[in-house]
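Scroll down for the structure; my scribbles are underneath it.
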Amino acid sequence: MKLIIASSNKGKIKEYSQLLSPFGFEAVSQKDEGIELSPEENGCTFEENAAIKARAIFDCVSGCAVLADDSGLVCDALGGEPGIYSARYGGLDSDKARTALLLEKMAYVPDGDRTARFVCVIHMILPDGREITARGECGGKIGYEPTGENGFGYDPVFMYGEKSFAQLSAEEKNAVSHRGRALEKLMEILKGMDL
């Protein structure tokens, strides 16, 4: 079944393709479908923003499932920053710049207080209009400098055990990531539905 991913983030599309293919979904990006739409994410929660994106894309297609997510990094020492603003933190337009800002703000935070978590909320709309929401989280802490070559976004500074997310292979990351966990919950919900 074709599933349009409401995103143009290549890293995110790649992860979803890897995670969804075993379940029989053919994941394609909205760009692949010729949809040039970027709805304003003006919700106050990850759940609200994921639903806004999914519904906007769903209104452009017929007879096709749509999936959108809203995800981000939540740092306890920063009162939840960058949170829902992770992709536009500080008004900066590159992963490297946003990560540098985060490290600057965390510079004097002691090791024991550097706890953080990645959050992902998936909002899926089935071809018949039914809507499903699933949330996943992965806890860790913020490192002191970027390490690793894999992943994207804040992965190089998010420490999961002794390694950053950017040091994990795609398989290792997918097994524990916020997106992987949200997707597992989504699949459990789908198994119980009459599709």
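Structure values in brief
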| read-out | value |
| --- | --- |
| Single residue of the stretch 11-45 satisfying the filter (part of a loop (DSSP other than H, G, I, E, B) and hydrophobic (A, V, I, L, M, F, W, C)) that is farthest from the chain's Cα centre (by Cα) | ILE35 |
| Residue match in the stretch 161-170 (condition: over 15 Å from the mean Cα position of the chain (by Cα), without any contact (Cβ under 8 Å) to a residue 24 or more places away in the chain and within 30 Å of ARG55 (Cα to Cα)) | no |
| Subset of the stretch 111-125 (residues that are within 24 Å of GLU15 (Cα to Cα) and either in contact with a Phe, Trp or Tyr (Cβ under 6 Å, 6 or more places away or on another chain) or small (Gly, Ala, Ser) (or both)) | ALA116, VAL119, VAL121, ILE125 |
| Residue among GLU137, GLU48 that alone is without any contact (Cβ under 8 Å) to a residue 40 or more places away in the chain and not in a loop (DSSP other than H, G, I, E, B) | GLU48 |
| Selected residue (only one of SER94, SER71 is within 16 Å of the chain's Cα centre (by Cα) and not aromatic (Phe, Trp, Tyr)) | SER71 |
| Evaluation of TYR108 against (1) out of contact with any strand residue (DSSP E or B) (no Cβ under 9 Å at 6 or more places or on another chain); (2) of a type in the set (Ser, Thr, Tyr); (3) part of a helix (DSSP H, G or I) (one fails), failing number | (3) |
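This table checks each residue for (1) buried (at least 21 other Cβ atoms within 10 Å of the Cβ); (2) touching a helix residue (DSSP H, G or I) at 6+ places or on another chain (Cβ under 6 Å).
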site: GLU48; (1), (2): no, no
site: LYS53; (1), (2): yes, no
site: ALA56; (1), (2): no, no
site: VAL61; (1), (2): no, no
site: LEU67; (1), (2): yes, no
site: ASP70; (1), (2): yes, yes
site: CYS75; (1), (2): yes, no
site: GLY90; (1), (2): no, yes
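Every number here is computed from the coordinates shown, using simple stated rules; none is lab data. In this text, all values refer to a predicted model and were calculated from it rather than measured experimentally. For neighbour counting, all protein chains shown are included, and Cβ atoms are generated from backbone atoms with ideal geometry for every residue, glycine included.
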